[in-house]
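One structure is given here, and the rest of the page talks about it.
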Amino acid sequence: MADTEKNFRSITAWPEDERPREKLERFGPDKLTDAELIAILLRTGIKNESAVDIARRILYEAGGVENLGRMSVASLKRVKGIGPAKAVTIGAAFQLGLRFARANNSEKWVQIRSPKDVAKFYGPELSIRTVEIFQVLILNTNNRVTKVIQISQGHLSAAAVHPREIFKAAIDHLASSIILMHNHPSGNPAPSNEDLRLTKKIVAGGELLGISVRDHVIIGGNDYTSFADEGYL
């Protein structure tokens, strides 16, 4: 008998306070590890691997929970031990989390005091997207976000992101000022030459219209770059 078979123990054989579902009921979800939470979604394991074992392996292969959230259902299905039902369940769980965060933010009318606020409240959703998304945060006179407008999706260029579309959205929603925001799916938030040229063009347009461009924040993984902080504006 292989060592893995001899050492393997089903979750049902674990002490009750170590089993993920029972542990969550007793202590609450914040006491569980990422792997234990994912194991609850998986429900069952496979031969010689418990649901927790599979969850740990998925997290390792993905490079952490933030990268797991970026994986498509098709990608998840290619992982050993993950069939269509498990892949869909994981995808649905991440999407619910994003929708909750989005709804929670919109209800509060988040006040932006620094680039860190932009990254904190709006970065998580962009960080898991696998294509570039360009958005504009519409701010009122109290620097509260009243609307988040998506301008484009896909490769960003002067052709894809035109100042006309940005300032039409700003005027339509009575913006006092705006913050530009987009993601780099590569995980590197450093601005490209195209990012710098595009931002300069948008800032110039804002000056003509009397609408201040307060910042351009690039989200890359768990990090961000603020044009205002770096002196690019």
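Where a number appears in this text, it was derived from the coordinates with a stated rule and is not lab data. As the structure is a computational prediction, the values presented were derived from the model and not from experiment. Please note: Cβ atoms are built from the backbone with ideal geometry, for glycine as well, and neighbour counts cover all protein chains shown.
When a footprinting reagent is the concern and you count Cβ atoms within 10 Å, what order do I179, I54, I149 take, fewest first? Display every interim value, and only then the final one.
Working: I179 27, I54 22, I149 18.
Ordered by Cβ neighbours within 10 Å, fewest first: I149, I54, I179.
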Q) Tally Lys and Arg at +1 and Asp and Glu at -1 over the other residues with C-beta under 13 Å from the C-beta of L174: what net charge comes out? A) +2
Q | Two-site label geometry, R78 and N140: point separation in nm, points 7 Å out along Cα→Cβ | A | 4.7 nm
Q: Quick one: grab Rg to one decimal and Dmax as a whole number for the stretch 3-100, Cα atoms only, in Å.
A: 13.4, 44
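Evaluate the charge dipole of the chain about its Cα centre and quote only its size in Debye, nearest 20, assuming +1 on the Cβ of each Lys and Arg and -1 on the Cβ of each Asp and Glu.
Values: 31 positive and 27 negative charges, 97 e Å.
Here the chain has a charge dipole of around 460 debye.
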Q. Using the count of nearby Cβ atoms within 10 Å as a rough guide to exposure, how do H162, H182 rank from fewest to most?
A. H162, H182
Q | Coarse-grained scattering of the chain at q = 0.09, 0.12, 0.17 Å⁻¹, given as base-10 log I(q)/I(0) from a Debye sum over alpha-carbon atoms | A | -0.49, -0.74, -1.15
Q.
With θ taken as phi - 60° and the coefficients 6.51, -1.76 and 1.60, list the Karplus ³J(HN,Hα) couplings across the stretch 120-125 in order, rounded to whole Hz; mark glycine and proline as x.
A. 5, 8, 10, x, x, 5
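A 26 angstrom limit on the alpha carbon distance is what I want to check against. Which of K116/K201; K23/K120; K86/K120; K116/K147; K120/K147 exceed it?
Listed pairs above 26 Å: K23/K120; K86/K120.
Of all DSSP beta bridges in the stretch 111-230, what percent run antiparallel (nearest 5)?
On the way: 18 of 25 bridges.
Given both bridge residues lie in the stretch 111-230, the antiparallel proportion sits at roughly 70 percent.
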**Q.** Per-residue ³J(HN,Hα) for the stretch 46-62, Karplus 6.51 cos²θ - 1.76 cosθ + 1.60, θ = phi - 60°, Hz, x for Gly and Pro
**A.** 10, 4, 6, 9, 6, 4, 5, 4, 5, 4, 5, 5, 4, 4, 5, 5, 6
Q: Rank the residues K80, K120, K86 as a footprinting-exposure proxy: fewest other Cβ atoms within 10 Å of their Cβ go first.
A: K80, K120, K86
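Suppose a student asked you for the relative contact order of the chain, using Cα pairs under 8 Å spaced at least 6 residues apart; what percent would you report? Numbers along the way, then the final one.
Working: 329 pairs, mean separation 31.8, N = 233.
Reported relative contact order: 14 percent.
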Q.
With just the Cα atoms defining each centre, how far is the stretch 131-155 from the stretch 173-233? Give it in Å.
A. 10 Å
